[in-house]
Amino acid sequence: MKNGLHNKLFKILAIETSCDETSASIIKANFKVKNLKFKILSNIISSQIKIHAKYGGVYPELASREHVKNILPVIEEAILNSNNKIQILSQTQNSKFKTLTEKWKLKIENYFDVIAVTSGPGLIGSLLVGVNTAKTLAFTLKKPIYSINHIEGHIYANFIGEISNLKSQISKLPKFPLVALIVSGGHTSLVYMKNHLDYKVIGETLDDAAGEAFDKVAKLLNLGYPGGPAISAMAEKFPISLPRRQAGNSQFSNKSQSSKLKFPRPMIDSGDFDFSFSGLKTAVLYAIKKLPKPLGSKTKAQICIEFQDAVVETLVAKTIESAKKYKAKSILLCGGVASNDLLRKKLKVESEKLKVDFFTPQKNLCTDNAAMVGIAAAYKIALGKRPTPWYNVNANSNLKLGK
């Protein structure tokens, strides 16, 4: 990278393919004297949810094949949209891209200065598609490339600020020190940060991630995939005759149902910040086996409410305790499960009681997307971090934060 790039206006092409979303984004960033300003010019996401739904989870080999098919059209769409050439196209319109490219004689090297790509953690087949595409572009176009940790990207989704229509940035941003709860289908972690890019993992899941537990419980109840939204929706359908209760109160008003249905809050009093959700999933399985079949909608709703409460209480309790211990000024919530309304509400309330600022991205930036990868790269550039030679950028399914 030329000296001084971090002191001028530049554009980043960001690529994210760690799991089952193929995403590309163009970020315009301007860094001047400790003040980073940016705009998300485009953030294209091609989701594979419908493809994997019949399996009740992501089928890795199928995911990587879909990434191969989608990666170039998604990148081209991100570039075209960033230049206001066309309106956002749907995945079914990919056949138009070749014609559009020929029409405008698109030279993609003119539309971005830097490349950023998720290199891990994630599914190795999926990661390889994004990483190899980014490396090829970096080599052929002679562009600097930044390797971004997927969890790092989720954290920096909170540094986009309060935004409107993915374009304008407002000044309120998290303050350090902070703790970040990253919770998704593949990750459940607590991270402490003294400053930008300074990560200390203080808690992790010992088995299933929270999002994975949601998916598996939804599968047990035949609620579909992804499990998080399905369980949350079922919980909200709880009949008026069986009113929503406060989290932790296991008694239901309808005595004809299982009034003692209660699931464990795993490791909530363990004295550390680690998580475990495998036992909770098993507790749901055993409870279902004891209930009369077929399960009615009221019974399923009870299970969903109690399961969701158990997960949320555990996540919130551990996060608040970590914020107290590390004297955090901000609490961040990110990852796909951060879209859960109950979790957002409970953690916000408890953060306010602690008089700590609470941040979580708008929901469409909680799930995997390339914009968060671009923002993480923008901060690295702003702080003077050097790019990695393209030949040293490698996919690592077990990449650790900060490594």
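Every number in this text was worked out from the coordinates using simple rules, so none of it is lab data. Here the structure is a predicted model, which means the values were calculated and not measured. Note that each Cβ is placed from the backbone with ideal geometry, even for glycine, and that neighbours are counted across all protein chains shown.
Sorting 386-396, 147-157, 10-20, 289-299 by their mean Cβ neighbour count within 10 Å, with the most densely packed peptide first, gives 10-20, 147-157, 386-396, 289-299.
Given the peptides 319-325, 127-133, 178-184, arrange them by the average over their residues of other C-beta atoms within 10 Å, most packed first. If you can, show how the numbers build up before the last one.
Working: 319-325: 19.0, 127-133: 22.7, 178-184: 27.3.
The peptides rank, most packed first, as 178-184, 127-133, 319-325.
Distance between the 7 Å Cα→Cβ label points at residue 49 and residue 270: 3.0 nm.
Sorting 185-192, 210-217, 224-231 by average packing, meaning the other beta carbons within 10 Å per residue, from highest down gives 210-217, 185-192, 224-231.
From the convex hull of the Cα coordinates of region 278-401, what is the mean projected area in square nanometres?
Working: hull surface 46.1 nm².
Convex hull of Cα atoms, orientation-averaged projection: 11.5 nm².
For region 258-317, the convex hull spanned by the alpha carbon atoms encloses 75 Å³ per residue. Starting from the 7 Å offset along Cα-to-Cβ, what nm value, one decimal, do you get for the label separation of residue 83 and residue 352? With each label point 7 Å from Cα toward Cβ, the separation is 4.6 nm. Simple spin-label estimate for residue 207 and residue 124 gives 2.5 nm between the two label positions (7 Å along the Cα-to-Cβ direction from each Cα).
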